[in-house]
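Shown next, in structure tokens, is the structure this report addresses.
The values are calculated or read from the model by the stated rules, or taken from the named source; none is laboratory data. All values reported here derive from a predicted model rather than from experimental measurement. Here the Cβ positions follow ideal geometry from the backbone for every residue, glycine too, while neighbour counts run over all protein chains shown. The protein model used for the area step is the full one, side chains on, heavy atoms only, and it has no ligands, DNA or RNA in it. Shrake-Rupley method; radii C 1.70, N 1.55, O 1.52, S 1.80 Å.
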Amino acid sequence: MTSKIAVFGTGYLGATHAACMAELGHEVLGVDVDEAKLAALRSGEVPFYEPGLSDVLKRNIDAGRLRFTSSYAEAAEFADVHFLGVGTPQKRGEFGADMRYVFAVVEELAPLLTKPSVIFGKSTVPVGTAAQLGALARELAPEGVDVEVAWNPEFLREGFAVKDTLHPDRIVLGLDASAQGRAEEVAREVYAEILSEDVPFIVTDLATSELVKVAANAFLATKISFINAIAEVCEVAGADVSTLADAIGYDARIGRRFLNAGIGFGGGCLPKDIRAFMARAGELGADQALTFLREVDAINMRRRTSMVETAKRACDGSLLGKRVAVLGAAFKPNSDDVRDSPALNIAGQIQLQGAAVTVYDPKAISNSKAIFPTLGYGTSAKEVCQGADAVLVLTEWDEFRSMAPTEIEGVVRRKVVVDGRNCLDPQVWKAAGWSYIGVGRS
Ligand code: UDX
């Protein structure tokens, strides 16, 4: 059965969700206030790098199932299923999430509704938000127009956004106990094709569904900081954290994924989500429960300063006047996203300590320039390695993993490589006469 769907917000989450809902055969209208973004999307252009998304977008625009607008009235008239996918960034100078965009959508949309509607929230929000939005929507909707807010958190990973949306690990739906609405029935219709593949469908209350998302991200962040803390111990004990991670990862209770030590987590989700989670727990009087997340955050931020110290050691104790090549700027491979990117943050800190830093990334250069215009940039690994006293690999793109030392050894000044993601083969580099420094590796 085809649904008429509006998706509010056409950022990472919203654009992917809109395109994928159309791919499932639904009629979809993407809504945003940013006209430039809408113009790009209408012409089939994805305003960020996400493998495979542009094909899905173009295919569905051409098929007439996917359109974009800035008009809320048009969305209210067209759709009876609304997905909320706007951002919830960290507030300036505070840990809490900035909820203004989420509330703005409901404030603007609800009075314009013309038919019984369900609003599914997908944004990551502090627990309690969905219930507030539900009450607000009911208050603002025209007399006699039934509206229900349900929560349907999104777990997509950048770089795998299309696959994660069309073939998710699970679908979680939080229902408002005070509304005897149709949200579950509507969700089952919208996701029928996905659910037919036996994807677990967890129907719960609003608060649980909101917490599932932040708890998942807090767990992932904790797993990464755990291995990075162990890496610190490995360094002083002369042990190897990669072998250790392999060995503990064979225990199915632990698992090997998200146990890659390195310069830590960044991006638009994990860092801000654990902070917002702590802030919300504090508001609810459960701050003690999450004090460990402060440590998770602290371990993570320490990776960055520690990598700057490693780079300094690699440059014979001083960065002043040295040339440092940085390979990788995105917060992770297969992404052009540099929000809170450890790689770019480290490049900036090294430059502040007096080195000339040149950065190369396969996709993230233009976004990097917007944030750090004073860093040097190049268009290939070889170019930025010219005259380098040290080469730092800070994002594990395949291009760097598979790079042979011979590709850059003719141009560097000193054969010193620092592997911030433990993604190179130390034997290969050492055999080629390089000094190799990894993370948590003796
Ligand atoms: C994350 C969650 O995985 C996703 O479910 C949620 O919806 C949004 O936030 P994403 O931000 O795309 O997704 O990135 P993710 O793949 O989780 O990586 C986050 C960061 O952790 C990256 O900077 C990555 O380099 C780092 N990381 C990941 C490690 O340092 N070590 C690891 O072992 C894994």
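Structure above, values below:
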read-out: For LYS223: the one exception among (1) surrounded by fewer than 21 Cβ atoms within 10 Å (Cβ to Cβ); (2) farther than 30 Å from ASP425 by Cβ; value: (2)
read-out: Criterion: at pLDDT 95 or above, open to solvent by 10 Å² or more (accessible area, probe 1.4 Å) and closer than 23 Å to VAL33 by Cβ - qualifying residue of ALA73, ALA79, ALA137, ALA110; value: ALA73
read-out: Positions within the stretch 226-243 being more than 13 Å from the ligand (Cβ to nearest atom) and open to solvent by 60 Å² or more (accessible area, probe 1.4 Å), in sequence order; value: VAL233, GLU235, VAL236, ALA237, THR243
read-out: Residue in the stretch 180-201 that is crowded, with 22+ Cβ neighbours inside 10 Å and either outside the structural domain of ASP32 (by TED's automatic domain parsing) or without any contact (Cβ under 8 Å) to a residue 60 or more places away in the chain (or both) present; value: no
read-out: Matching residues, the stretch 147-192, being within 16 Å of the ligand (Cβ to nearest atom) and among the hydroxyl-bearing types (Ser, Thr, Tyr); value: THR165
read-out: Residues (open to solvent by 80 Å² or more (accessible area, probe 1.4 Å), under 30 Å from PHE95 (Cβ atoms), modelled with pLDDT of 95 or more and not polar (S, T, N, Q)) located in the stretch 283-326; value: GLU283, LEU284, PHE292, ARG294, GLU295, ARG302, GLU309
read-out: Subset of the stretch 15-41 that is touching a helix residue (DSSP H, G or I) at 6+ places or on another chain (Cβ under 9 Å) and of a type in the set (Gly, Ala, Ser) - its residue that is most open to solvent (accessible area, probe 1.4 Å); value: GLY25
read-out: Qualifying residue in the stretch 364-371 (condition: surrounded by 19 or more Cβ atoms within 10 Å (Cβ to Cβ) and in contact with a Cys (Cβ under 6 Å, 6 or more places away or on another chain)); value: no
read-out: Filter result (within 12 Å of the ligand (Cβ to nearest atom) and outside any helix (DSSP H, G or I)) within the stretch 337-363; value: ASP337, VAL338, ARG339, ASP340, SER341
read-out: Counted residues, the stretch 245-281 - those being more than 14 Å from the ligand (Cβ to nearest atom), touching a helix residue (DSSP H, G or I) at 6+ places or on another chain (Cβ under 8 Å) and without any contact (Cβ under 8 Å) to a residue 60 or more places away in the chain; value: 1
read-out: Strands (runs of 3 or more DSSP E) (entirely within the stretch 382-442) containing at least 2 residues that are of a type outside the set (S, T, N, Q) and open to solvent by less than 10 Å² (accessible area, probe 1.4 Å); value: 390-393, 416-419
read-out: Verdict on GLU210 being within 16 Å of the ligand (Cβ to nearest atom), more than 14 Å from ARG441 (Cβ to Cβ) and either touching a Ser or Thr at 6+ places or on another chain (Cβ under 7 Å) or not assigned by TED's automatic domain parsing to the domain that holds PRO426 (or both); value: yes
